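The values are calculated or read from the model by the stated rules, or taken from the named source; none is laboratory data. This structure is a prediction, so every number in the text was calculated from the model and none was measured. Counting neighbours? That spans all protein chains shown, and the Cβs are built from the backbone with ideal geometry, glycine included. Only protein heavy atoms, including side chains, enter the accessible area calculation; ligands, DNA and RNA are left aside. Shrake-Rupley method; radii C 1.70, N 1.55, O 1.52, S 1.80 Å.
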Amino acid sequence: MNAQRIAALLAALLASAPVAAQTIAITNVRILSMGRAGEVERGTLVIRDGRIAALGAGVATPANARVIDGKGGVVTPGFVLADGRMGLMDVSQVPLSVDRAQHNPSLSAAFDVSQGLNPDSAVIPVARLGGITRAILAPEYDDQGGRTLQFAGQAAAVDLGQRADMVMRPRVAMILELGENGAERAGGARGAALVELRATLADVRDYARRRAAYERGQTRDYRLSRADLEALVPVVEGRMPVIVSVDRASDIVEILALAREEKVKIILDGAAEGWRVADRIAQAGVPVILDARLDLPGSFEQLGARNDNAARLFAAGVTIAIKDGEGGSYRARELRYDTGHAVAHGLPYAAALAAITINPARMFGIDDRIGSLDIGKDADVVLWSGDPLEPLSQPGAVFVKGIEQPLTTRQTELRDRYLAKQPWGGTGAP
Amino acid sequence: MRHATILAALALAGCAAKPAPGPVTASSKPLPAGLDPSRDPGFPSRYVARPQTPVALVGATVLTGTGVEITAGTVLVREGRIEAVGAGLLVPAGYTKVDARGRWVTPGVIDAHSHLGVYAHPGVPANDDGNELTDPNTAQVWAEHSVWPQDPGFDTAREAGVTAMQILPGSGNLFGGRSVTLKNVPADTVQGMKFPGAPYGLKMACGENPKRVYGAKGRAPSTRMGNVAGYRAAWINAADYARKWDKWRAEGKGDPPKRDLQLDTLAGVLKGEILVQNHCYRADEMAIMIDIAREFGYKITAFHHATEAYKIAPLLAREGICVATWANWWGYKMEVYDAIEENAAMIERAGGCAVIHSDDGTLIQHLNQEAAVALSAGRRAGIRISEAEAVKWFTANPAKMLGIADRTGSIEPGKAADLVLWSANPFSIYALADRVWIDGATVYDRKDPTYRRHSDFLLGQPGQELPR
């Protein structure tokens, strides 16, 4: 980083400081708090020093506050994307601009995406205009090195306020893919992947008990590097959840059993056929991250994919988070539409909104800070012109930690440049 | 002007769908049909409209696809066609009344860019039939010869209101091959789905895909200039081929030219019988493609994807070239880095023909909502477009792009009764297709399990026990 860039960064930080210290009151709004205040039909939300200070119908506007008239709009917590990539890539087909996967054969579980993030990524403001203020950034597998990686690496919780220190909490989960792709990596069969997994967990436990012996070279050979073994210690100790990608009902049943026996905390990712074993998932207390629009048999492990997967899992008592569909987070702004789609297919509205706010926050242990509009929490707040799940609604203000974010993106700048070039300008008059 | 061109193309294609009479030549013996491009009967449509009875949709908000919104409207359907549409129409005796109060009616959704059937579900290599990546010019291949009518994606699309779509071969080649336009009816053969009389399209592709595919093989094209050289060489060959046939027909002397399927397709474009459907993202590349079209005397019907169309919206409007695009797709490669949500709205504002397309088995189920995203973004930018106008983006405009606008794509008397009854405003995320008609026959009814998924593939498979 050169001196100029550091100076610019400092200037930006200084500039943002007074904004964070501001008191802001958003009045005349419907508040969907997702927290203790529930729904407030018409009220005021107060942000002070970057946190939620008050909310409710009878809340007075503080004397020194900057007042934003919400004009009957809707206020929600900033959305939390449970499976994001923004900050890990610029253009996905330009490999050198992408840091979401690695194919170093001696590095698997230890790969940590919280190192090497780009808070200046043009992908971030686009997602933010979709109401997303936080994301769990998950690494992906890169199979060009010969499919030797058992784990893709570790995910990080970040805020999308585009600060240099965008990492909110590093190493919040381990990424493991089972099912067809996991089987392929393990040698071509599901059974092989599960054997490998058990053997790895046994190695990690052995290593954790015998670190001193390891230093002296007096342990048996482990299948993983020291860095990978270290990274997996929190997993075997039940402190770090493993996000396990699986779709087929039978694969879900297998991993639930394995997690119970090995006392490993898991979160299911995908679970296209989750609805078929919803009771068992609920019983295990395992949460699910899903793509609400997945309704096609894209593969043999997704034969039962259907539109009401989210609704059925919720009805069975499973905690769900909705993630964006295809698109590597370029299309993360569709998260709110994906969620609306789940509502159209039977998921109650409040449960749907929870699936992109408080539920993912809870899954990753960051609900003390975000996920709902509760007094004392970080002021991640979005003011919408109407129902946030409707395409015809737009955000009118976005706050991350109480700092108002620009409603511009590289794309809106392109738009404005070309609207200005054309004879009618940007006014809509021909 | 543009419309007239399409109608002329339609008339020609309409003839070609039936075994054509022999050409007028001085030759004593006509050639066998397969050896004479002008007599080839092809793979004719065997589509037959389902049985239907007169229907009256009463009380709906009707978005006609002609820019009109009718509140508390009635649509009368008889013999597979729209008989009348308007507010407060009397329903004659003998019509099955559908109470559509509180609901919306639009023309059937038409997807101008689909790979259903050619990249069929499940996406295993055996079903990967969309891209003949063996030569930069495969104008000789026809998508319909890859279409698997059992692709479950046809069913999910139908359940979302899609009544017709163009199936294109992939975008790895400069000339990918012929497209086919299908009616989205359950069928055992592709011929049973072929939209009668719809003209063929030629898939062309600009930019990164062909240069990547062939550059990686160490052969041309490996650059954009290589791409352009490839297009031009092909058109020169096609013009030469067409001239040889014309000459032989005029003179009736000597051996006829040897038929060449690749050049047949290209010559069909030069004659205006086959519509150019050009995958092309960047504004500068679209302008080059327009120059090539001028150079060889053909017309580009539509640019597909065209994420930078907003940069040259007035040019595209002036040329009468449709723009089929998304609202949300961007970023994954350099040529789509400048995509913006307002693309369709800016094309519309310039007086052009905007189309929202899918290129995807999931998005094809949400074209109405993708249009809502584009509309919303346009409004955010101060572009005033009504929902009655924006509904064209997934109905009338794709119909125009596919050369079938005289038959479908809008709710006007005489047109096919390809209709969707929506549970809510189709620009809402909560809107579901309650009922779908093709040629006046119900093909989907959300409340009636008779219209459950048709695909043979899912029979007896796990997870299919519950009706959807």
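Scanning for something open to solvent by less than 50 Å² (accessible area, probe 1.4 Å), of a type in the set (Lys, Arg) and part of a loop (DSSP other than H, G, I, E, B), does the range A:397-407 turn up at least one residue? Steps first, please.
So the first thing to find is which residues in the range A:397-407 are open to solvent by less than 50 Å² (accessible area, probe 1.4 Å), and the list is A:397-400, A:402-403, A:405.
This time we only want the ones that are of a type in the set (Lys, Arg), so: none.
Within the range A:397-407, none of the residues are open to solvent by less than 50 Å² (accessible area, probe 1.4 Å), of a type in the set (Lys, Arg) and part of a loop (DSSP other than H, G, I, E, B).
Within the range A:362-369, can one find any residue that is open to solvent by 30 Å² or more (accessible area, probe 1.4 Å), in a helix (DSSP H, G or I) and either free of Cβ contacts under 8 Å to residues at least 12 places away in the same chain or among the charged types (D, E, K, R) (or both)?
Yes, the range A:362-369 contains at least one residue that is open to solvent by 30 Å² or more (accessible area, probe 1.4 Å), in a helix (DSSP H, G or I) and either free of Cβ contacts under 8 Å to residues at least 12 places away in the same chain or among the charged types (D, E, K, R) (or both).
Can you tell me which of B:120, B:72, B:160 is open to solvent by 10 Å² or more (accessible area, probe 1.4 Å), at pLDDT 95 or above and within 14 Å of another protein chain (Cβ to nearest Cβ)?
Details: B:120 fails: open to solvent by 10 Å² or more (accessible area, probe 1.4 Å); B:72 fails: within 14 Å of another protein chain (Cβ to nearest Cβ).
Step by step, each of B:120, B:72, B:160 is checked, and only B:160 is open to solvent by 10 Å² or more (accessible area, probe 1.4 Å), at pLDDT 95 or above and within 14 Å of another protein chain (Cβ to nearest Cβ).
Before we move on, is residue A:375 in a loop (DSSP other than H, G, I, E, B), at negative phi and surrounded by 24 or more Cβ atoms within 10 Å (Cβ to Cβ)?
On the way: in a loop (DSSP other than H, G, I, E, B): yes; at negative phi: yes; surrounded by 24 or more Cβ atoms within 10 Å (Cβ to Cβ): no.
No; evaluated as a whole, the condition is false for this residue.
Just give me the residues in the range A:296-321 being under 23 Å from residue A:350 (Cβ atoms) and out of contact with any His (no Cβ under 9 Å at 6 or more places or on another chain), in sequence order. Spell out how you get there, then give the answer.
Of all residues in the range A:296-321, those under 23 Å from residue A:350 (Cβ atoms) come to A:306-321.
Listed by number, the residues that qualify are A:312, A:313, A:314, A:315, A:316, A:317, A:318, A:319, A:320, A:321.
Considering each residue of the range A:80-99, count those that are out of contact with any Ser or Thr (no Cβ under 8 Å at 6 or more places or on another chain), within 30 Å of residue A:223 (Cβ to Cβ) and surrounded by fewer than 23 Cβ atoms within 10 Å (Cβ to Cβ), and give that number.
2
Hey, residue B:180 hits all of (1) β-branched (Val, Ile, Thr); (2) under 24 Å from residue B:267 (Cα atoms); (3) in a helix (DSSP H, G or I) but one; which does it fall short on?
In the conditions (1) β-branched (Val, Ile, Thr); (2) under 24 Å from residue B:267 (Cα atoms); (3) in a helix (DSSP H, G or I), residue B:180 misses (3) alone.
Does the range A:378-396 hold any residues that are closer than 26 Å to residue A:174 by Cβ and either in contact with a Pro (Cβ under 6 Å, 6 or more places away or on another chain) or part of a loop (DSSP other than H, G, I, E, B) (or both), and which are they?
Passing the criteria: only A:380.
Pairs only if they're at least six apart or on different chains, beta carbon under 9 angstrom, first in the range A:382-396 and at the interface with chain B (Cβ under 10 Å from one of its Cβ atoms) and touching a residue at least 12 places away in the same chain (Cβ under 8 Å), second part of a loop (DSSP other than H, G, I, E, B) and among the β-branched types (Val, Ile, Thr); list them, first residue then second.
A:387/B:429; A:389/B:429; A:390/B:429; A:391/B:429
Can we say residue A:206 is open to solvent by less than 30 Å² (accessible area, probe 1.4 Å) and under 23 Å from residue A:83 (Cβ atoms)? Please lay out each step first, then the result.
Numbers: open to solvent by less than 30 Å² (accessible area, probe 1.4 Å): yes; under 23 Å from residue A:83 (Cβ atoms): no.
No, not satisfied.
Which ones in the range B:75-88 are surrounded by 17 or more Cβ atoms within 10 Å (Cβ to Cβ) and at positive phi?
B:80
Given the criterion at pLDDT 95 or above and closer than 28 Å to residue A:239 by Cα, identify the matching residue among A:332, A:311, A:379, A:305.
Values: A:332 fails: closer than 28 Å to residue A:239 by Cα; A:311 fails: closer than 28 Å to residue A:239 by Cα; A:305 fails: closer than 28 Å to residue A:239 by Cα.
Selected residue: A:379, the only one of A:332, A:311, A:379, A:305 that is at pLDDT 95 or above and closer than 28 Å to residue A:239 by Cα.
If you check A:413, A:334, which single one turns out to be within 14 Å of chain B (Cβ to nearest Cβ), under 18 Å from the mean Cα position of the chain (by Cα) and on the phi < 0 side of the Ramachandran plot? Explain how you work it out, then say what you get.
On the way: A:413 fails: under 18 Å from the mean Cα position of the chain (by Cα).
It is A:334.
Search the range B:323-360 for residues being more than 8 Å from chain A (Cβ to nearest Cβ) and of a type in the set (S, T, N, Q), and hand back the single one that is nearest to residue B:375 (Cα to Cα).
My answer is B:343.
Check whether at least one residue in the range A:227-245 is in contact with an Asp or Glu (Cβ under 6 Å, 6 or more places away or on another chain) and either of a type in the set (Val, Ile, Thr) or free of Cβ contacts under 8 Å to residues at least 60 places away in the same chain (or both), and report yes or no.
So in the range A:227-245, the residues in contact with an Asp or Glu (Cβ under 6 Å, 6 or more places away or on another chain) come out as A:243, A:245.
Subset that is either of a type in the set (Val, Ile, Thr) or free of Cβ contacts under 8 Å to residues at least 60 places away in the same chain (or both): A:243.
Yes, the range A:227-245 contains at least one residue that is in contact with an Asp or Glu (Cβ under 6 Å, 6 or more places away or on another chain) and either of a type in the set (Val, Ile, Thr) or free of Cβ contacts under 8 Å to residues at least 60 places away in the same chain (or both).
Looking at the range B:53-67, is at least one residue open to solvent by 30 Å² or more (accessible area, probe 1.4 Å), polar (S, T, N, Q) and out of contact with any Phe, Trp or Tyr (no Cβ under 7 Å at 6 or more places or on another chain)?
yes
Give the residue that is nearest to residue B:419 (Cα to Cα), with candidates limited to residues of the range B:89-117 that are in contact with a Pro (Cβ under 6 Å, 6 or more places away or on another chain) and open to solvent by 20 Å² or more (accessible area, probe 1.4 Å). Can you show your working first?
Taking the range B:89-117 first, the residues in contact with a Pro (Cβ under 6 Å, 6 or more places away or on another chain) are B:94-95, B:104, B:106, B:110, B:112.
Next, from what is left, pick out any that are open to solvent by 20 Å² or more (accessible area, probe 1.4 Å): B:94-95, B:104.
Numbers: B:94: 20, B:95: 16, B:104: 10 Å.
Checking each candidate, the answer is B:104.
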